[in-house]
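A.B. asks: Attaching a single structure in structure tokens format; questions to follow.
The values are calculated or read from the model by the stated rules, or taken from the named source; none is laboratory data. Only a predicted model underlies this, so the values are computations on that prediction, with no experimental measurement involved. All Cβ positions, even for glycine, are placed from backbone atoms using ideal geometry, and neighbour counts span all protein chains on display. When the accessible area is computed, the model is the full protein with side chains, heavy atoms only, and any ligands, DNA or RNA have been set aside. Shrake-Rupley method; radii C 1.70, N 1.55, O 1.52, S 1.80 Å.
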Amino acid sequence: MGATDMTRDEQRTAITGVARRRARRRGGRRADRGHLVLVASDGAALPSAVAPAAAGDPAVRLRRECRETVRRWMVRSLPIPVSTLVRLFEDESWRAALSALVVVPVDGRGSLVTESAGLLRDVDADGGVLVVDASGAVRTLTPARLVIGHPVLLPDLERFQELAIVLEIEQPVAQLFRQTEVRPTVMSATATAIADYADGYFVELGDALDRCRAEGLTVRDGYAVCSVFERGRTLEARYWIGSGSPDLPACTGELFWVLPEGTRVRCSDVGPVAWSEGARMASVVFAGRFGAEAGSVA
């Protein structure tokens with residue numbers, strides 16, 4: 001019988017057994033959260049001969065920070081003054097993080113001019129933004145502000161995907177091929193949460209935390225959280241993954257969205273970007289639950 005066919009009590013029993021076997025197997029070498037640690041059979045840490053990760057290099061750290069900042073700008077749909085882009089493009093790390101992303105001009109009312117979207121190629125000193133549009137034509141835009149378009153908002157997404165493949169473009173920040181989720185067309189008008197990703201059991205809470213860390217997700221007070229600025233307001237998606245010791249079993253809960261003061265928002269009032277990012281966050285964590293890939297755990 002597969003793990004997904006088990007009752008809740010049977011899953012808990014199986015998880016407890018796996019956790020105990022893991023604890024017994026911890027010896028000789030153990031992958032600690034975030035780095036490799038050598039341990040004796042009694043669990044005591046031993047001096048490690050593993051060389052420091054390249055991530056400690058200042059240049060590598062700067063490139064990573066630039067990519068993470070650009071990713072946040074995209075997820076939060078934050079308008080970027082072109083005058084700021086001019087300065088950023090003078091720096092190699094920022095230029096590498098921004099190039100080949102689809103940017104969308106913002107008009108004076110704050111609306112996206114999606115018909116002028118294009119793959120960012122360069123920004124000149126006078127504020128001219130060189131892009132390649134969905135048809136492959138090179139254009140120069142002169143907007144005051146633009147945003148890094150979230151894929152769920154790009155009407156020509158498939159054409160840009162095809163263009164990226166033809167031009168063999170590799171985006172340093174996942175955008176065109178980023179997983180997106182769309183709100184169901186039929187759902188309760190009063191619903192304030194969805195349970196599609198609830199009851200995901202983990203042998204250890206640390207397994208869920210590792211998935212969050214690998215995806216760059218923030219965890220706070222037992223929730224994986226994601227903040228998005230959309231339609232003139234900030235919404236935070238919250239997905240319960242559990243709290244307490246990372247070595248203890250955990251079970252996921254509901255996904256919901258809140259305003260900055262903590263008030264829940266009806267699902268029908270959640271914008272497309274906030275919905276997509278919240279559901280993506282939950283699905284990434286939920287995919288690592290006990291028994292999700294294999295029918296059973298030996």
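A.B. asks: Within 21 Å of Leu78 (Cβ to Cβ) and touching a strand residue (DSSP E or B) at 6+ places or on another chain (Cβ under 6 Å): is that true of Thr192 in this structure?
C.D. replies: On the way: within 21 Å of Leu78 (Cβ to Cβ): no; touching a strand residue (DSSP E or B) at 6+ places or on another chain (Cβ under 6 Å): yes.
Criteria not met by Thr192.
A.B. asks: Let me ask you something else. Mind listing whichever residues of segment 238-276 are of a type in the set (A, V, I, L, M), farther than 17 Å from Val182 by Cβ and not in a strand (DSSP E or B)? Talk me through it step by step, then tell me what you get.
C.D. replies: Step one: of segment 238-276, the residues of a type in the set (A, V, I, L, M) are 241, 248, 250, 255, 258-259, 265, 270, 273-274.
Within this subset, residues satisfying the condition of being farther than 17 Å from Val182 by Cβ are 241, 248, 250, 258-259, 265.
Selection gives Ile241, Leu248, Leu259, Val265.
A.B. asks: Report the residue count in segment 64-85 for those that are touching a residue at least 24 places away in the same chain (Cβ under 8 Å) and either assigned to a helix (DSSP H, G or I) or closer than 14 Å to Ser276 by Cα (or both).
C.D. replies: Going residue by residue through segment 64-85, those that are touching a residue at least 24 places away in the same chain (Cβ under 8 Å) are 66-71, 73-83, 85.
With either assigned to a helix (DSSP H, G or I) or closer than 14 Å to Ser276 by Cα (or both) added as a condition, the list becomes 66-71, 73-77, 82-83, 85.
Number of matching residues: 14.
A.B. asks: Let me ask another. Can you name the residue in segment 143-162 that is open to solvent by less than 50 Å² (accessible area, probe 1.4 Å) and in a loop (DSSP other than H, G, I, E, B) and, of all such residues, is farthest from Asp269 (Cα to Cα)? Spell out the reasoning first.
C.D. replies: From segment 143-162, those open to solvent by less than 50 Å² (accessible area, probe 1.4 Å) are 143, 146-152, 154, 157, 160-161; that's our starting set.
Add one more test, that the residue is in a loop (DSSP other than H, G, I, E, B), and what stays is 143, 149-150, 154.
Numbers: Pro143: 30, Gly149: 21, His150: 19, Leu154: 20 Å.
The residue in question is Pro143.
A.B. asks: For Ile165, only one of the following conditions fails: (1) in a helix (DSSP H, G or I); (2) under 23 Å from Pro79 (Cα atoms); (3) among the hydrophobic types (A, V, I, L, M, F, W, C); (4) open to solvent by 40 Å² or more (accessible area, probe 1.4 Å). What is its number?
C.D. replies: It is condition (2) that Ile165 fails.
A.B. asks: Further question: What pairs come up if the first residue lies in segment 195-220 and is polar (S, T, N, Q) and surrounded by fewer than 19 Cβ atoms within 10 Å (Cβ to Cβ), the second is modelled with pLDDT of 95 or more and in a loop (DSSP other than H, G, I, E, B), and their beta carbons are under 7 Å apart, counting only those six or more places apart or on different chains?
C.D. replies: Note: no pairs meet the criteria.
A.B. asks: Could you identify the single residue in Glu90, Glu158 that is free of Cβ contacts under 8 Å to residues at least 60 places away in the same chain and more than 24 Å from Gly278 (Cα to Cα)?
C.D. replies: Working: Glu158 fails: more than 24 Å from Gly278 (Cα to Cα).
Going through Glu90, Glu158 in turn, just one is free of Cβ contacts under 8 Å to residues at least 60 places away in the same chain and more than 24 Å from Gly278 (Cα to Cα): Glu90.
A.B. asks: Next question. Which one is modelled with the lowest pLDDT among residues in segment 79-116 that are hydroxyl-bearing (Ser, Thr, Tyr), buried (at least 16 other Cβ atoms within 10 Å of the Cβ) and within 24 Å of the chain's Cα centre (by Cα)?
C.D. replies: Taking segment 79-116 and keeping what is hydroxyl-bearing (Ser, Thr, Tyr), we get 83-84, 93, 99, 111, 114, 116.
Filter again for buried (at least 16 other Cβ atoms within 10 Å of the Cβ), leaving 93, 99, 116.
In the following step, the residues that additionally are within 24 Å of the chain's Cα centre (by Cα) were identified as 93, 99.
Working: Ser93: 94, Ser99: 87.
Applying the filter and picking the extreme gives Ser99.
A.B. asks: Could you check segment 117-129 and list, in sequence order, the residues that are under 28 Å from the mean Cα position of the chain (by Cα) and open to solvent by 20 Å² or more (accessible area, probe 1.4 Å)?
C.D. replies: Our first condition is that a residue be under 28 Å from the mean Cα position of the chain (by Cα); within segment 117-129, this holds for 117-123, 129.
Scanning segment 117-129 gives Arg121, Asp122.
A.B. asks: Taking into account only those residues within segment 111-152 that are among the small types (Gly, Ala, Ser) and in contact (Cβ under 8 Å) with a residue 60 or more places away in the chain, which is farthest from Leu78 (Cα to Cα)? It would help to see each step written out before you state the result.
C.D. replies: Step one: of segment 111-152, the residues among the small types (Gly, Ala, Ser) are 111, 116-118, 125, 127-128, 134-137, 144, 149.
Next cut, in contact (Cβ under 8 Å) with a residue 60 or more places away in the chain only: 144, 149.
On the way: Ala144: 13, Gly149: 10 Å.
Per the stated criteria, the residue is Ala144.
A.B. asks: Before we move on, is Arg71 open to solvent by 30 Å² or more (accessible area, probe 1.4 Å), at pLDDT below 95 and either under 20 Å from the mean Cα position of the chain (by Cα) or among the aromatic types (Phe, Trp, Tyr) (or both)?
C.D. replies: When the stated conditions are applied, Arg71 passes them.
A.B. asks: I've got another one for you. Out of Val186, Val182, which single residue is free of Cβ contacts under 8 Å to residues at least 24 places away in the same chain and among the β-branched types (Val, Ile, Thr)? Show your work before the answer.
C.D. replies: Details: Val182 fails: free of Cβ contacts under 8 Å to residues at least 24 places away in the same chain.
Of the residues listed, the single one that is free of Cβ contacts under 8 Å to residues at least 24 places away in the same chain and among the β-branched types (Val, Ile, Thr) is Val186.
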